[in-house]
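Here's the structure, in structure tokens; my notes come after.
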Amino acid sequence: MNLTRRGRGVVWVAGFAFLWALVFGLESLNAVVVSAVVALGIGGLWIHRVDAPTVERFAPQPGHAGNQRLVRFQLRADGSPRATIVDQLPPGVEAVAEDNRLRRVLDGRTIGYSVIPEERGIHQLGPLEVEITDPFGLVATRYELDATTELVTYPRVYELGGLSGIRISDIGGSLRERNEFDRVREYERGDPLRDIHWRSTAKHPEDLIVKEFIARTDANRTRILAECEQGGADAMAMAAASVAITLMNDGIDVGLTVADETIAVESGQNHRARILETLASTEGGYPTDQGTAGTIRVHAGGNGDVTVTIGTNSMPFERLRRRDPARAGTTRRDQSAVAADGGWPQ
Amino acid sequence: MSVVREYDLVGNQRRAVREHTDALRWVALGCLFVVTATYLHILFWITGIVGGTGRLLAVTLLAGAAGVVAAHTVAPRGAAVIAGVGLLVGTMWYVQSVPEGIDLLLGIGSIILDWLALLSGFTVLGIVAADVWAATFAPVPVFLSWYFGIRGEYARAGAIGGAAAAFFMMTGDLGAGVALLAVIAVAGVVGFGEMAQRQARLVQAELVVLLLAAMLLASFMVPIIPAHGGKPITPGSSVGGGSDSLENSLLGGGEELRVAGQPSLDPTVRYTVTSPVPGRWRVDAYDRYTGEGWVQTSPGQAVDDPGPETENVQRIQMTVRAELDGLRSMPTMWEPVAVDSEWAVSRSPEGGLLPEDPLSAGDRYFVTVEQVDTLITGAPDVGEEYPAAIRERYTQLPDSTPERVAERTTEVISDPSDPYQAAIEVETYLLRNYNYSLDVPPPNGDMADTMLFERQAGYCTWFATTMITMLRTQDIPARLATGYSSGEPQAGEDWVVRGMNAHAWVEVYLPEVGWVAFDPTPSEPYNNVRRSVLDEAREEGTGQIEADPVEDLGDWEPSLEMPERGTEEQLTQLQRILRREDELQQACGDPAALEQDEITREEALIVCDPVSLEAMGLIDEPGDLENITLPSDNVTLADPANRSQTALTRDDPLNETGSGANDADGSAGPLGTGPVPPLEDLGVILALGLIAGIGARRAGVFRRARYEMAIRWPGAGRDPSSTIERAWGRFERHCAETGLERETGESARAFVTRVSGPEGPDERLVRLLSTYERSRFGDEPISRADAREIAKLVTGLINDERPH
């Protein structure tokens, strides 16, 4: 239990008022002195009796670096005292509000605030520092609540307009034309939303109907091998994630090989999350398994320059990021919006 | 602006939270309004006295509106700039409206001293150009506190409003009661506002209410600051005598003259004056009239007094010896033109002499005085134009001055354009028609009005104040002079001046002449009272009431060169009159003596009292003899024992516990005067009620009471079936309370069976159950009478099982 800055200010004011009133006989200052003593005294007593709050934390949804994320927890203490809460944030994770101090009452309701992680990674949030104060904020007691949670942050991804110019067939697969329409079938978990056939769905209101394209063959499967020199891990993860997401959005099943982990070629939301999570946490390096033909190789140098090699074609990642000529009609605003929120549904 | 983030809430929950936070926010802003009102009411009180209310209102409203608008549009840095510019403009405005304002700016040291004096309990009424000052003071705190209040930065809003209120607490203008209100309101701004910021529900702010109530109660009950603990930093204050003495009221307050009730007279010696003529030993004067007292506007800024320009001036030399240690004033006859003393002397704005350090017993000083000689040469040759500064400063009256004072004055005086004649007429009117009495309570409302129309009696302060008010209603500049009457004559030219000789009279400004003294206080009862006090003191032999004779001055020569403006002839004529005073007084009242040249008209005017003058035909108006002659036993001097008793009943009852909460502002504070205990009692009751209420709520008393009420006094339903529903509901609640809760899915019948135990349900339960089932599931409607019977039956059931 200690005095806050405001509490110390009140002590000074009361002391000054007391002396001043004593010397010059100003009785109206009595109210200042007595009220300050009462506020400090009762506030102190009350704070003295307050028990440590109980806490429950919720894991935040995973998301991409640079995207705003909601962090939530519940705090409860007897008497619903007012408190200032500071969630300890690791470097690179910034609270959206100007400061990271949440002013609330601890009555057990859900408390939420937003953060923006600047870098990929598995960031640890917490512990929570809770400063409970009396009703006027004069006396405070601090608790550090050992409640931590992980903020899974995927690498930033960019729309790779340049990728559609490359013939996947060059590397054994092919970029499929989206209108090679085979049949419709019921929606299954993991199907891209863009494949929903709205006209058919309208006729069968109880089901979502998706378009089935020509059979998935080896031509629609590929593996990304990501490697980097010391210090290039972030650039590598960013490039690999962008390539993987672009391909998966085009309906191509993607596998991933990084230094210490290999993920089989599959499809679906969970698979997508696994790939992103792996890229969120990998520390980079050279995989022992160097893969086969038909592997897209993402290589990052120590200075962050990334080269993407597809078959025999190598090009800097920067060139792949250029706008897709086929989508020249989309507005600039659409593009930036896509870039800002990572571009893909999670 | 603090942004309330609510995305963790949804739908109804969010709406409910917003309703609560809005309510708390309004309570906080309400508290801010109260804080603002506490310091604004002082400013409006000032403009009520010195004028400028409309201007103050305009700038205040403008500043408040600007604060609210800026809160939505301007960042704090911008607001600080606006406030800074406002402060600068205000200061410039004030400086240019003050005479010698630029000098004021240059004299940093004197500014600091002035502010220190203000903050040590010197009323802001004493500020020069107080009307402009009020209008420049108000905008900055109003703007800033509302700017921050609307933005939701409640701590800052409260601090700024509180600082403005604290300023007036330190000047002593904000009475203890209002000060407490301000403190509670500041705490409310912070407490409620920050609860709103924290999205608290209304109920969660109850601890704030509890604390506020505790603060209110404790401030009433616990006086940490002792009453009358000290004195403001003011030069020239402090004389001997008790705090209730007339002398202390007139001469002890420095720049502020507070009118005491039932003042006492102190017979101990202060000075011995050696003067060839008797006179009034003037200490200082007051220019600003508050309606209930007097204030000398800020030290160091005297209005230029051109000084007497008339030829009719005589020069008098006098010496004064202090008979007591610690005297802070140097009485002289008006108007001192040269002083010779062994210590540094400064002059107050109204011409009083102020020693650098308090005098010690035996200290002597020599004064050369020039006196306008109105009596010897007849009415002075009065010019027509007043200097603007004089007119502005010495014709001020509070807005609250009742109209009938002016009306009465126009009846009394014949020609307002002749100030000398008017002053004599008012003086005579008061001398004849009003009684001298020390037994008057402190003023409550305008002193002149009270004296003229209600009490018809008073002592010197009341007479002088009334005369000045009357003259000022006719725009004749006048001020209140304070000091001592001439005292007890001794051998030679010595006069012993005692504390009880403290006196107040009137100085009227005559164009091209200067300040001329008038004294509307009836001198005979005044002297009688003093004589009896002195006799009594001599009998008792207490205190130092006699002075040693002043040793011969020898061949003392004034060391200062002085302009020779008076004529030797006039001086000797006056001295001659005064030496013959006893002789002349015998001639008073005898018209024949006047005819036989035993006494001249001028001599009679000096030495005779008004009654005699009238008898001699020197005053035209036939007088009311009873009113003028006051036998000394008619003059009521409060008995000390009586006085202390009346003082107790008059004072705040809390004084007995020592708080003295309203004592200081009693006579000068704007919220007034005299007894205000009902307000404070109300505060205590309110605080106790709040504490009890919240305590009871916390202990669940209300919930319990509501429950008891509902069980014992069930309201009848709209129709028989709802009456029966209610009765059944009460029965269920009653069972639940005894530990038998109806389970979900349990039928009414099964419940009754379970409740009634192995013996089976008794008659009443069966009746209740069957009626309930019939009402719920049956086709036949149940009669109103039956339903009422069931309700009674349940009440009986419940009461039977309760201990009585």
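Some observations on this one:
- Considering residues of the stretch A:45-59 that are in contact (Cβ under 8 Å) with a residue 24 or more places away in the chain and within 12 Å of chain B (Cβ to nearest Cβ) only, the residue farthest from B:Val209 (Cα to Cα): A:Phe58
- From B:Pro489, B:Pro443, residue being at pLDDT below 90 and over 25 Å from B:Leu534 (Cα atoms): B:Pro443
- Of all residues assigned to the stretch A:244-264, none qualifies as being open to solvent by 10 Å² or more (accessible area, probe 1.4 Å), in a helix (DSSP H, G or I) and modelled with pLDDT of 90 or more.
- Scan of the stretch B:149-173 for residues that are more than 13 Å from chain A (Cβ to nearest Cβ), open to solvent by 20 Å² or more (accessible area, probe 1.4 Å) and in contact (Cβ under 8 Å) with a residue 24 or more places away in the chain, ordered by number: B:Ile150, B:Arg151
- B:Gln456 surrounded by fewer than 24 Cβ atoms within 10 Å (Cβ to Cβ) and at positive phi: yes
- Among the residues of the stretch B:442-474, those that are within 19 Å of B:Ala502 (Cβ to Cβ) and outside any helix (DSSP H, G or I) comprise B:Pro442, B:Pro443, B:Ala457, B:Gly458, B:Tyr459.
- Test: B:Gly191 is under 30 Å from B:Phe137 (Cβ atoms) and either within 8 Å of chain A (Cβ to nearest Cβ) or part of a loop (DSSP other than H, G, I, E, B) (or both): yes
- The lone exception for A:Arg104 - which of (1) assigned to a strand (DSSP E or B); (2) more than 13 Å from chain B (Cβ to nearest Cβ) it fails: (2)
- Residue within the stretch B:174-183 that is more than 22 Å from the chain's Cα centre (by Cα), more than 7 Å from chain A (Cβ to nearest Cβ) and assigned to a helix (DSSP H, G or I) present: no
- Qualifying residue in the stretch B:464-472 (condition: buried (at least 20 other Cβ atoms within 10 Å of the Cβ) and either basic (Lys, Arg) or modelled with pLDDT under 90 (or both)): yes
- Scoring A:Gly44 on the criteria (1) part of a loop (DSSP other than H, G, I, E, B); (2) open to solvent by less than 20 Å² (accessible area, probe 1.4 Å) leaves a single failure, condition (1).
- Any hit, the stretch B:174-197, residues being at pLDDT below 90 and within 20 Å of A:Ala83 (Cα to Cα): yes
- Filtered by the rule that a residue be surrounded by fewer than 18 Cβ atoms within 10 Å (Cβ to Cβ) and of a type in the set (A, V, I, L, M, F, W, C), the stretch A:47-65 gives A:Ala52, A:Phe58, A:Ala59.
- Some residue of the stretch A:79-95 being open to solvent by 50 Å² or more (accessible area, probe 1.4 Å) and among the hydrophobic types (A, V, I, L, M, F, W, C): no
- Residue within the stretch A:322-331 that is surrounded by 11 or more Cβ atoms within 10 Å (Cβ to Cβ), over 23 Å from the mean Cα position of the chain (by Cα), at pLDDT 80 or above and within 23 Å of A:Arg221 (Cα to Cα) present: no
Residues are listed down the side, and each one gets a yes or a no for (1) more than 26 Å from B:Met333 (Cβ to Cβ); (2) more than 13 Å from every other protein chain (Cβ to nearest Cβ); (3) at pLDDT 85 or above:
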position: B:Ala200; (1), (2), (3): yes, no, yes
position: B:Ser245; (1), (2), (3): no, yes, no
position: B:Val259; (1), (2), (3): no, yes, no
position: B:Thr274; (1), (2), (3): no, yes, yes
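- Considering A:Val23, A:Val34, A:Val10, the condition of being among the aliphatic types (A, V, I, L, M), crowded, with 19+ Cβ neighbours inside 10 Å, within 7 Å of chain B (Cβ to nearest Cβ) and in a helix (DSSP H, G or I) is satisfied by A:Val34 alone.
- Of the criteria (1) touching a helix residue (DSSP H, G or I) at 6+ places or on another chain (Cβ under 9 Å); (2) open to solvent by 10 Å² or more (accessible area, probe 1.4 Å); (3) touching a residue at least 40 places away in the same chain (Cβ under 8 Å), which one A:Gln68 fails: (1)
- Every residue from the stretch A:110-139 that is outside any strand (DSSP E or B) and either within 14 Å of chain B (Cβ to nearest Cβ) or at pLDDT 90 or above (or both): A:Glu118, A:Glu119, A:Arg120, A:Pro127, A:Asp134, A:Pro135, A:Phe136, A:Gly137, A:Leu138
- Among (1) modelled with pLDDT of 85 or more; (2) open to solvent by 10 Å² or more (accessible area, probe 1.4 Å), the one test that B:Leu480 misses: (2)
- Checking each residue in the stretch B:177-189 for being within 17 Å of A:Ala14 (Cα to Cα) and touching a Gly at 6+ places or on another chain (Cβ under 6 Å) picks out only B:Val186.
- Tally of residues being within 18 Å of B:Ile782 (Cβ to Cβ), open to solvent by 30 Å² or more (accessible area, probe 1.4 Å), at pLDDT below 75 and in contact with a helix residue (DSSP H, G or I) (Cβ under 9 Å, 6 or more places away or on another chain) across the stretch B:699-733: 3
- For the stretch A:207-218, the count of residues that are modelled with pLDDT of 75 or more and either in a strand (DSSP E or B) or closer than 29 Å to A:Gly66 by Cβ (or both) is nonzero.
The values are calculated or read from the model by the stated rules, or taken from the named source; none is laboratory data. Since we're looking at a predicted model, the values are computed, not measured. Here the Cβ is made from the backbone with ideal geometry for all residues, glycine too, and neighbour counts use every protein chain on show. All accessible areas refer to the heavy atoms of the entire protein, side chains included, with ligands and DNA or RNA removed. Shrake-Rupley method; radii C 1.70, N 1.55, O 1.52, S 1.80 Å.
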